[in-house]
Amino acid sequence: ELVSCVGWTTADELYSCSDDHQIMKWNPLTSETTRVVKLPDEIYPIDLHWFPRSIGGKKQSHAESFVLTSSDGKFHLISKLGRVEKSVEAHCGAVLAGRWNYEGTALVTVGEDGQVKIWSKSGMLRSTLAQQGSPVYSVAWGPDSEKVLYTSGKQLIIKPLQPNAKVLQWKAHDGLILKTDWNSVNDLILSAGEDCKYKVWDSYGRLLYSSQLQEYPITSIAWAVDGELFAVGSFNTLRLCDKTGWSYALEKPNTGSIFNISWSIDGTQLAGACGNGHVIFAHIVEQRWEWKNFEITLIKRRTMKVHNVINDAEDSLEFRDRVIKASLDYGYLVVSTSLQCYVFSTKNWNTPLIFDLKEGTVSLILQAERHFLLVDGGGLYLYSYEGRLISSPKYPGMRTDILNAQTVSLSNDTLAVKDKADEKVIYIFEALSGKPLGDGKPLTHKTEIVEIALDQKGLTSERKIAFIDKNRDLYITSVKRFGKEQKIVKIGTMVQTLAWNDTSNILCGIQDTRFTVWYYPNTVYVDKDLLPKTLYEKDGSEFSKNPQIVSFVGNQITIRRADGSLVHLNISPYPGILHDYVRASHWEDAVRLCRFVKDQSLWACLAAMAVANKDMTTAEIAYAAIGEIDKVQYINSIKELPSRESRMAHMLLFSGNTQEAETLLLQSGLIYQAIQVNINLYNWDRALELAVKHKTHVDTVLAYRQKFLEDFGKKETNRRFLQYAEGVSV
């Protein structure tokens, strides 16, 4: 008889239920199959879902059971050994789907009677969430277990558990929707319909991808746990797709319709419940990683092929267990298998460094130049390339299973994590100690943040983080904060995707239809008006909609278009060379380079870099080259100032840091200059306050104020000035 549902208990054990009333247990490694139990004849199983295994890193004993929904209107809680612990009357007509939430504290069931019901862990009815006139075929929990997504004919509905909260509903297909799934890592929704299409949506109901018309109705669809891939099942068809919708592979097995797809917990294999009574197993192979001249392919579950494109040398890497995740960057290949982690240097493929993993399933590997980060169900672990555990940062309410490359970023000295509980907050840690950076307060933005990225080079004290918020605005801010609130500055709008360069602090992104490179993003803190001059922009219409930047290595940028094809772009190598010169304080070479290239944007970068590093001579040359005469004059006037402190203060003024300039002048005892600065900026109250506080130059302030009022033909209205004017003869 047809197999209706399948579900993995561990990475190597699968249970399946069929209309022949049997529950079978499979082990794809040893190819063993055993019958667990034969159900009573009136139970025809429809859907099965295992109780979540690990919650917040703690293993649950309860994970030994699953919920099975059946056609007689009941759901059954069944232990791993096949004992029916409890059967609950749930719906009139068949119970079409049942799903545990991520914490395992609630169960949602939907039925032919059009009802959506929430049950407690032990099977007590908590509430009826919704009632409608048509059957509900599929249901899924939202990432935070606070909302439920279910089908209603051709519509998808997202309903929060709190009463009176806003319900989101939209028409998703032209035919009945048969299956839906919602991923907790990327927050995207899948839907599959009788109109022979499958679609990808975001959680606001906006369409991100719609497939071509397929030959048959789509009967099943499911996300891999980490949200990078999904699988689609139809009549004699199994398809593997990227999260953006394009297709990696299409298989045409002889299965009948595939009614249910379940991914294993490590995302390396999936199983399908087939209409002809078979269970189909599929393994993900042929993943590819590229870096500079190396191309690495996973050819079998435990074998990788390394191809060096320069000399056509090939190496084969064998592993003891199957490969789960891998990452290739900064001259190292890091591979995690089910029990161990391997670190290969690209200079020598023969002797990897191997260490054992505590938890097992690694869900994310991130690399920086000096170390790498492993993320698993239990926490964040930072390792050196020698295999030494450096630190394991923690933050309140940490859920590591939902982190991905957009929400975590690593550099040589800093680790940034975007929290799921409060989407406006970024936690920032010191990499070496794992402690929160600076005063320990996380970085908070005014709206929800979507993607974050740390720059890779330069001093720790100047580390910057770029992030995109949900309005698709790009902001940049400094990571180090001690007391003084660092400005968060907006540098781009409608930014789809971003990446920092690996060898210098150059940022690239795609905004709207333009591909943009910020050659020196730090300009916003030095001379804001210069920023537009330090950009490189090019038309990005060739990338179609929703492109993603895969990597930005050296001066080559790799972009993946929405149809899955890769586009390689090269940018000018000169800004990178300029960054290197400035980092080594070779100002003459930097000027020589700019004179040789004769490019305005390069001169603008040099001007900003020189001001940031307080090198006035170079700044003067660079500003002159881009025709900013007023700034050249101001820099000249600064150079003629007598004391070093006042020069420094005027440099700060130049960058618009008036507060710091004033503090510096007061500390070095230059009271008159501090007062004069405020007068020049028309900060009258502050000028008077300083004069009175230091009992000096009150008359000067009053004189300037009087002249100012006369020039504009105004009367004095400020109470404090009137009060002092009486007592002082000017």
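Structure above, values below:
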{"read-out": "When residues of region 308-345 are limited to those that are open to solvent by 30 Å² or more (accessible area, probe 1.4 Å) and β-branched (Val, Ile, Thr), the one nearest to residue 11 (Cα to Cα)", "value": "309"}
{"read-out": "Condition met for residue 613 (closer than 13 Å to residue 527 by Cα, at pLDDT 80 or above, polar (S, T, N, Q) and not assigned by the TED database to the domain that holds residue 695)", "value": "yes"}
{"read-out": "Unmet criterion (only one of (1) open to solvent by less than 50 Å² (accessible area, probe 1.4 Å); (2) at pLDDT 90 or above) for residue 63", "value": "(2)"}
{"read-out": "Hey, residue 151 at negative phi and open to solvent by less than 10 Å² (accessible area, probe 1.4 Å) or not", "value": "yes"}
{"read-out": "Test: residue 644 is of a type in the set (Lys, Arg), out of contact with any helix residue (DSSP H, G or I) (no Cβ under 7 Å at 6 or more places or on another chain) and either open to solvent by 30 Å² or more (accessible area, probe 1.4 Å) or on the phi > 0 side of the Ramachandran plot (or both)", "value": "yes"}
{"read-out": "Qualifying positions in region 21-51 - open to solvent by 30 Å² or more (accessible area, probe 1.4 Å) and closer than 13 Å to residue 67 by Cα", "value": "46, 49"}
{"read-out": "Among (1) touching a strand residue (DSSP E or B) at 6+ places or on another chain (Cβ under 7 Å); (2) of a type outside the set (D, E, K, R); (3) in contact (Cβ under 8 Å) with a residue 24 or more places away in the chain; (4) under 30 Å from residue 223 (Cβ atoms), the one test that residue 379 misses", "value": "(1)"}
{"read-out": "Matching residues, region 667-687, being open to solvent by less than 70 Å² (accessible area, probe 1.4 Å) and assigned to a helix (DSSP H, G or I)", "value": "671, 673, 674, 675, 676, 677, 678, 679, 684, 687"}
{"read-out": "Total residues in region 201-243, condition over 22 Å from residue 170 (Cβ atoms) and charged (D, E, K, R)", "value": "5"}
{"read-out": "Positions within region 117-168 being among the basic types (Lys, Arg) and in contact with a Pro (Cβ under 7 Å, 6 or more places away or on another chain), in sequence order", "value": "147"}
{"read-out": "Test set (1) closer than 13 Å to residue 552 by Cβ; (2) touching a residue at least 60 places away in the same chain (Cβ under 8 Å); (3) open to solvent by less than 10 Å² (accessible area, probe 1.4 Å) - residue 503 fails condition number", "value": "(3)"}
{"read-out": "For residue 80: the one exception among (1) in contact with an Asp or Glu (Cβ under 8 Å, 6 or more places away or on another chain); (2) basic (Lys, Arg); (3) open to solvent by 60 Å² or more (accessible area, probe 1.4 Å)", "value": "(3)"}
{"read-out": "Subset of region 188-234 [modelled with pLDDT of 95 or more and aromatic (Phe, Trp, Tyr)]", "value": "198, 201, 216, 223, 230"}
{"read-out": "Residue selected from region 247-278 under the condition closer than 24 Å to residue 323 by Cβ and hydrophobic (A, V, I, L, M, F, W, C), by the criterion most open to solvent (accessible area, probe 1.4 Å)", "value": "250"}
{"read-out": "Out of 244, 297, sole residue that is hydroxyl-bearing (Ser, Thr, Tyr), open to solvent by less than 50 Å² (accessible area, probe 1.4 Å), closer than 24 Å to residue 559 by Cα and not assigned by the TED database to the domain that holds residue 50", "value": "297"}
{"read-out": "Residues being more than 20 Å from residue 176 (Cβ to Cβ) and either outside any strand (DSSP E or B) or touching a helix residue (DSSP H, G or I) at 6+ places or on another chain (Cβ under 8 Å) (or both) - total across region 205-243", "value": "8"}
{"read-out": "Residues being assigned to a strand (DSSP E or B) and not polar (S, T, N, Q) - total across region 244-287", "value": "18"}
{"read-out": "In region 262-293, the residues that are farther than 25 Å from residue 336 by Cα, touching a residue at least 60 places away in the same chain (Cβ under 8 Å) and of a type in the set (A, V, I, L, M)", "value": "273, 279"}
{"read-out": "Residue 507 being under 20 Å from residue 411 (Cβ atoms) and of a type outside the set (Lys, Arg)", "value": "yes"}
{"read-out": "Cβ pairs under 9 Å, 6+ apart, first in region 463-479 and in contact (Cβ under 8 Å) with a residue 60 or more places away in the chain, second of a type in the set (Val, Ile, Thr)", "value": "479/414; 479/428; 479/460; 479/465"}
{"read-out": "Number of the exception - residue 198 against (1) surrounded by fewer than 22 Cβ atoms within 10 Å (Cβ to Cβ); (2) under 28 Å from the mean Cα position of the chain (by Cα); (3) not charged (D, E, K, R)", "value": "(1)"}
{"read-out": "One residue from 477, 444 being open to solvent by less than 10 Å² (accessible area, probe 1.4 Å) and either of a type in the set (S, T, N, Q) or farther than 21 Å from residue 522 by Cβ (or both)", "value": "477"}
{"read-out": "Filter pass, residue 723 being free of Cβ contacts under 8 Å to residues at least 12 places away in the same chain, in a helix (DSSP H, G or I) and crowded, with 17+ Cβ neighbours inside 10 Å", "value": "no"}
{"read-out": "Matching residues, region 554-579, being touching a Cys at 6+ places or on another chain (Cβ under 7 Å) and open to solvent by 60 Å² or more (accessible area, probe 1.4 Å)", "value": "none"}
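Residue-by-condition table, conditions (1) open to solvent by less than 30 Å² (accessible area, probe 1.4 Å); (2) in contact with a Ser or Thr (Cβ under 7 Å, 6 or more places away or on another chain); (3) β-branched (Val, Ile, Thr):
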| position | (1), (2), (3) |
| --- | --- |
| 422 | no, no, no |
| 440 | no, no, no |
| 450 | no, no, yes |
| 454 | yes, yes, no |
| 493 | no, no, yes |
| 509 | yes, yes, no |
| 520 | yes, yes, no |
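Let's see how each residue does on (1) more than 30 Å from residue 682 (Cα to Cα); (2) part of a helix (DSSP H, G or I); (3) open to solvent by 40 Å² or more (accessible area, probe 1.4 Å):
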{"site": "588", "(1), (2), (3)": "yes, yes, yes"}
{"site": "594", "(1), (2), (3)": "yes, yes, no"}
{"site": "602", "(1), (2), (3)": "yes, yes, no"}
{"site": "607", "(1), (2), (3)": "no, yes, no"}
{"site": "621", "(1), (2), (3)": "yes, yes, yes"}
{"site": "627", "(1), (2), (3)": "no, no, yes"}
{"site": "637", "(1), (2), (3)": "no, yes, yes"}
{"site": "650", "(1), (2), (3)": "no, yes, no"}
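The values are calculated or read from the model by the stated rules, or taken from the named source; none is laboratory data. Fair warning: this is a prediction, and the values are worked out from it, not measured in the lab. Every residue, glycine as well, gets a Cβ built from its backbone with ideal geometry; the counts of neighbours run over all protein chains shown. What goes into the accessible areas is simple: the full protein's heavy atoms, side chains included, and nothing from ligands, DNA or RNA. Shrake-Rupley method; radii C 1.70, N 1.55, O 1.52, S 1.80 Å.
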